[in-house]
Amino acid sequence: MGVATAKEVGVSPLHPKMERMPREELVGLQVKRLRETVRNVADHVPLHRARLAAAGVTADDIRSLDDLRALPFTVKADLRDTYPFGLFARPREALARVHASSGTTGKPTVVGYTARDLDTWAELMARSLAAAGARRGDVVHNAYGYGLFTGGLGAHYGAERLGATVVPMSGGATERQVALIVDFGARVLCSTPSYALAIAEVAERQGVDLRASALEIGLFGAEPWSDAMRTQIAARLGLRAVDIYGLSEIMGPGVACECECQAGLHGWEDHFLFEVIDPESGQPVPEGEPGELVITTLTKEALPMLRYRTRDITRLTTAPCDCGRTHLRILRVTGRNDDMLIIRGVNVYPSQVEAVLVGLPGIAPYYQLVVERTGALDHVTVEAEAAAEAGAGDYAKIANAVERHLKSLIGLTAMVRVVPPDTIPRSQGKAVRVRDLRPKAH
């Protein structure tokens, strides 16, 4: 499945009036909704009320999108510092549902939704599925994890809203996943990209060719992934691998999604404001330049967010898309600020290493970066899994070749350890790409 050309993109958007709204009208709608959001948080959220007062900004001061820059940023720590419900703009009894992160790095981040918020989420996820090419009546195999993680239920209700038949498989039981994809005739697969590869691997071991199945579209998100990984997934599953973006603090999956042109992810600007800033100064960067993505919600009732710093590194463009949608495009998330490693003065994102590894002879698309500290310096060892056809006697030669590629392509000097097949853990959710063994600061 290749990228659709302009002539091939003939399917109407799910919400044609909104998705093709002239940009000047879209900006007017955003300003109106931004003013309402500022009023909502000032009236109902003590933390935001105090910060807006300190900044000297009221809802009535919002007259254009330039006024957005006067608003204070919100960060993930604010959710943890006000745990569990301190950032909510509605009382707990008015919430229809809460989700939460796993809390592996401390208190979980808790997010909540009113019934109207859930309705908006379902509509935007349905819009995203439609943009990717999913249609009413499709079988959607949903292998995102269900539960407190927003991925599973977000994709589920969006697919139902679209009018698709949902297979609520969740993660795990990969052999059964393969069987049901084939038996139920799934056209659409929803999962993390790393788990999509795990499904492909298990199918191949079973002698099942998923390229001959009904699969045509995969919506993959929840973790950064490289174009090399996209190519691998598309080739091994026989589908168009589509990038979808979201985060729990803003809504969940469906904040942005690629259309069939696959020239960036359309951010749904009738519900969110997108900025890219310099991570150090906090100042906006010119359109098309890389920086940290910042998102403001425009229609959220329970958990409105002002200028939320996502830590995701990307670029934005408002240039017209061949599909006819007028909403800006996020030009693929390349990594996260908090995932970035500084190794001997070189800034490295795991997705950069992935882009080098995937497709190299003798290497399977599974890896981990092991970070350790020796004296004052950080060192990284790349554990790369050997392909099934590679002999153990070739591991040293493969490792040397990978080391040369890492040095020449991304400037990283690292020891590479090639490990036998099935050594790197397979993830049913977000893949663990970095094992940080450095001493923790107290």
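The values are calculated or read from the model by the stated rules, or taken from the named source; none is laboratory data. These figures come from a predicted structure and were not determined experimentally. Note: ideal-geometry Cβ built from the backbone for every residue, glycine included; neighbour counts use all protein chains shown. For the accessible areas, the whole protein counts, side chains as well, though only heavy atoms, and no ligand, DNA or RNA atoms are used. Shrake-Rupley method; radii C 1.70, N 1.55, O 1.52, S 1.80 Å.
Can you tell me which residue is farthest from the chain's Cα centre (by Cα) among those in region 333-369 that are of a type in the set (Val, Ile, Thr) and assigned to a loop (DSSP other than H, G, I, E, B)?
Of region 333-369, the ones of a type in the set (Val, Ile, Thr) are 333-334, 342-343, 346, 348, 353, 356, 358, 363.
Retained after the next criterion (residues that are assigned to a loop (DSSP other than H, G, I, E, B)): 333-334, 358.
Working: 333: 8, 334: 10, 358: 20 Å.
Here the residue is 358.
Identify the residue in region 344-365 that is open to solvent by less than 30 Å² (accessible area, probe 1.4 Å) and of a type in the set (Gly, Ala, Ser) and, among all such residues, is farthest from residue 385 (Cα to Cα).
351
Looking only at region 246-264, decide whether some residue is hydroxyl-bearing (Ser, Thr, Tyr), within 20 Å of residue 79 (Cβ to Cβ) and part of a strand (DSSP E or B). Let's see the steps before the verdict.
Kept after step one, since they are hydroxyl-bearing (Ser, Thr, Tyr), are these residues of region 246-264: 248.
From what's left, within 20 Å of residue 79 (Cβ to Cβ): 248.
Cutting the leftovers down to part of a strand (DSSP E or B) gives us none.
Scanning region 246-264, I find no residue that is hydroxyl-bearing (Ser, Thr, Tyr), within 20 Å of residue 79 (Cβ to Cβ) and part of a strand (DSSP E or B), so the answer is no.
Any residue at all in region 168-184 that is farther than 29 Å from residue 302 by Cα, in a strand (DSSP E or B) and touching a residue at least 60 places away in the same chain (Cβ under 8 Å)?
No; the residues of region 168-184 include none that is farther than 29 Å from residue 302 by Cα, in a strand (DSSP E or B) and touching a residue at least 60 places away in the same chain (Cβ under 8 Å).
Of all residues being in a loop (DSSP other than H, G, I, E, B) and either among the hydroxyl-bearing types (Ser, Thr, Tyr) or crowded, with 16+ Cβ neighbours inside 10 Å (or both) in region 2-18, which is modelled with the lowest pLDDT? Just the residue, please. Break it down into steps so the answer makes sense when it comes.
First, the residues of region 2-18 that are in a loop (DSSP other than H, G, I, E, B): 2-5, 9-15.
Subset that is either among the hydroxyl-bearing types (Ser, Thr, Tyr) or crowded, with 16+ Cβ neighbours inside 10 Å (or both): 4-5, 9, 12-15.
Details: 4: 49, 5: 42, 9: 48, 12: 73, 13: 91, 14: 94, 15: 95.
Filtering region 2-18 for residues that are in a loop (DSSP other than H, G, I, E, B) and either among the hydroxyl-bearing types (Ser, Thr, Tyr) or crowded, with 16+ Cβ neighbours inside 10 Å (or both), the one modelled with the lowest pLDDT comes out as 5.
Out of the residues in region 341-392 that are free of Cβ contacts under 8 Å to residues at least 60 places away in the same chain and among the hydroxyl-bearing types (Ser, Thr, Tyr), state the one that is farthest from residue 223 (Cα to Cα).
Applying the filter and picking the extreme gives 374.
Determine which member of the set 54, 59 is at negative phi and open to solvent by 80 Å² or more (accessible area, probe 1.4 Å).
Numbers: 59 fails: open to solvent by 80 Å² or more (accessible area, probe 1.4 Å).
From the options 54, 59, the qualifying one is 54.
So, in region 200-227, exactly how many residues are under 23 Å from residue 330 (Cα atoms) and either at pLDDT 95 or above or not in a loop (DSSP other than H, G, I, E, B) (or both)?
The initial filter retains those residues of region 200-227 that are under 23 Å from residue 330 (Cα atoms), namely 217-227.
With either at pLDDT 95 or above or not in a loop (DSSP other than H, G, I, E, B) (or both) added as a condition, the list becomes 217-220, 227.
Going through region 200-227 one residue at a time, the tally reaches 5.
Looking at (1) open to solvent by less than 50 Å² (accessible area, probe 1.4 Å); (2) touching a His at 6+ places or on another chain (Cβ under 9 Å), find the lone condition where residue 48 falls short.
With respect to (1) open to solvent by less than 50 Å² (accessible area, probe 1.4 Å); (2) touching a His at 6+ places or on another chain (Cβ under 9 Å), residue 48 is out only on (2).
From the list 237, 197, 153, 148, which residue is in contact with a strand residue (DSSP E or B) (Cβ under 9 Å, 6 or more places away or on another chain) and surrounded by fewer than 22 Cβ atoms within 10 Å (Cβ to Cβ)? It would help to see each step written out before you state the result.
Values: 237 fails: surrounded by fewer than 22 Cβ atoms within 10 Å (Cβ to Cβ); 197 fails: surrounded by fewer than 22 Cβ atoms within 10 Å (Cβ to Cβ); 153 fails: surrounded by fewer than 22 Cβ atoms within 10 Å (Cβ to Cβ).
Going through 237, 197, 153, 148 in turn, just one is in contact with a strand residue (DSSP E or B) (Cβ under 9 Å, 6 or more places away or on another chain) and surrounded by fewer than 22 Cβ atoms within 10 Å (Cβ to Cβ): 148.
Among the residues of region 171-200, write down those that are within 16 Å of residue 216 (Cβ to Cβ) and in contact with a helix residue (DSSP H, G or I) (Cβ under 6 Å, 6 or more places away or on another chain). So that I can check it myself, show each step before the final result.
Just the residues of region 171-200 that are within 16 Å of residue 216 (Cβ to Cβ), to begin with: 181-182, 184-191, 196, 199-200.
Matches in region 171-200: 190, 196, 199, 200.
Within the bounds of region 156-166, is there any residue that is assigned to a loop (DSSP other than H, G, I, E, B), polar (S, T, N, Q) and open to solvent by 10 Å² or more (accessible area, probe 1.4 Å)?
Within region 156-166, the subset assigned to a loop (DSSP other than H, G, I, E, B) is 163-164.
From what's left, polar (S, T, N, Q): none.
Within region 156-166, none of the residues are assigned to a loop (DSSP other than H, G, I, E, B), polar (S, T, N, Q) and open to solvent by 10 Å² or more (accessible area, probe 1.4 Å).
Working carefully through the options 178, 182, find the one that is of a type in the set (Val, Ile, Thr) and open to solvent by 10 Å² or more (accessible area, probe 1.4 Å).
Numbers: 178 fails: open to solvent by 10 Å² or more (accessible area, probe 1.4 Å).
Among 178, 182, only 182 is of a type in the set (Val, Ile, Thr) and open to solvent by 10 Å² or more (accessible area, probe 1.4 Å).
Go through (1) closer than 23 Å to residue 128 by Cβ; (2) open to solvent by 60 Å² or more (accessible area, probe 1.4 Å); (3) of a type in the set (Lys, Arg) and name the single condition residue 397 misses.
Evaluating residue 397 over (1) closer than 23 Å to residue 128 by Cβ; (2) open to solvent by 60 Å² or more (accessible area, probe 1.4 Å); (3) of a type in the set (Lys, Arg) leaves (1) as the failure.
For residue 212, are the conditions met, namely being in contact with a Phe, Trp or Tyr (Cβ under 6 Å, 6 or more places away or on another chain) and not polar (S, T, N, Q)?
Details: in contact with a Phe, Trp or Tyr (Cβ under 6 Å, 6 or more places away or on another chain): no; not polar (S, T, N, Q): yes.
No, not satisfied.
Of the numbered conditions (1) open to solvent by 50 Å² or more (accessible area, probe 1.4 Å); (2) assigned to a loop (DSSP other than H, G, I, E, B), residue 21 fails exactly one; give the number of that condition.
In the conditions (1) open to solvent by 50 Å² or more (accessible area, probe 1.4 Å); (2) assigned to a loop (DSSP other than H, G, I, E, B), residue 21 misses (1) alone.
Take the residues in region 64-113 that are open to solvent by less than 40 Å² (accessible area, probe 1.4 Å) and part of a helix (DSSP H, G or I); name whichever of them is farthest from residue 252 (Cα to Cα).
Among residues in region 64-113 that are open to solvent by less than 40 Å² (accessible area, probe 1.4 Å) and part of a helix (DSSP H, G or I), the one farthest from residue 252 (Cα to Cα) is 68.
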